[in-house]
Amino acid sequence: MSNHVISIASAMSIPPSAIEPINAVSPVAIDPRSVPVIGVDDDLPAVPSSQLTVAALRARFANPPNWIPELRREPAIGDRAPAQAAVLVPIVQRAQPMVLLTERATRMSTHSGQVAFPGGRVDPGDTNIAAAALREAWEEVGLSAEFVEVLGALPTYTTVTSFIVTPVIAIVQPGFELRLSPHEVADAFEIPLAYLMNPAHHHRHRMVGEGGEARQWFSMPYQDGAHERFVWGATAGMLRNLYRFLSA
């Protein structure tokens, strides 16, 4: 099995905090929409729809390819101690597969107002990473585990706020009813998986921060009726890694 995917069994244990290579950065406390787009990856192929079915996703995680995550770690901002975290990447099985995302409440202490996956810090009572992701999804949006099938997990992604995040990939059967926690979530919505797995929608941003340090990140803006769902930063980085995993 590849060293660059975590099996379902491996996702059942909480990994130690590890030092990972810095190969992606994203800033905080800015308006990301105002930062120039320096490129769009429309030269890369989209993941075919045949590889986004339930059967294909199960097969990919059961027999993962050799691949290398593109984005692993952002440079820390501030002195927050590293902490383990888990997010659920819920792929809802509708007529076309959809990814369930949230908009974080503006009162949150980190990444407020940003598009995110349901998730958060691993608690001492969590038996494993997958359990942490499922608990957080229940607490944040009321997604019941009875609708969720965990497929596995991708390598960790360390944010600027020093959360070492494990993305837990899951299939979600329709029929669930969401109940948003107003203290944590301002909104919940879905974006087609095929849209997010098409690099023609992956925008590269770059800016020069204080001290002359260049910073860059991805965004995947999606027009949802009257709303622009601006997926960027860590969430976009984890989706980019999922693209690399599915297209390898």
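The values are calculated or read from the model by the stated rules, or taken from the named source; none is laboratory data. Since this is a predicted model, take the numbers as computed values, not measurements. For neighbour counting, all protein chains shown are included, and Cβ atoms are generated from backbone atoms with ideal geometry for every residue, glycine included.
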Qualifying positions in region 171-203 - in a loop (DSSP other than H, G, I, E, B) and of a type in the set (A, V, I, L, M, F, W, C): PHE176, LEU178, LEU180, MET197
Going through region 96-123 in order, the residues found to be assigned to a loop (DSSP other than H, G, I, E, B) and modelled with pLDDT of 95 or more are GLN96, PRO97, PHE117, PRO118, VAL122, ASP123
Across region 142-157, what is the total count of residues that are surrounded by fewer than 24 Cβ atoms within 10 Å (Cβ to Cβ) and not in a loop (DSSP other than H, G, I, E, B)? 8
Extreme residue, nearest to ALA76 (Cα to Cα), among residues of region 28-52 that are of a type outside the set (Gly, Ala, Ser) and not in a loop (DSSP other than H, G, I, E, B): PRO32
Please find, among PRO90, PRO64, PRO69, the residue that is closer than 30 Å to GLY175 by Cβ and assigned to a loop (DSSP other than H, G, I, E, B). PRO64
Counting just the residues of region 204-238 that are assigned to a strand (DSSP E or B) and acidic (Asp, Glu), which one comes out farthest from SER50 (Cα to Cα)? GLU228
From the options PRO182, PRO174, residue that is surrounded by fewer than 16 Cβ atoms within 10 Å (Cβ to Cβ) and either over 18 Å from ARG104 (Cα atoms) or free of Cβ contacts under 8 Å to residues at least 24 places away in the same chain (or both): PRO174
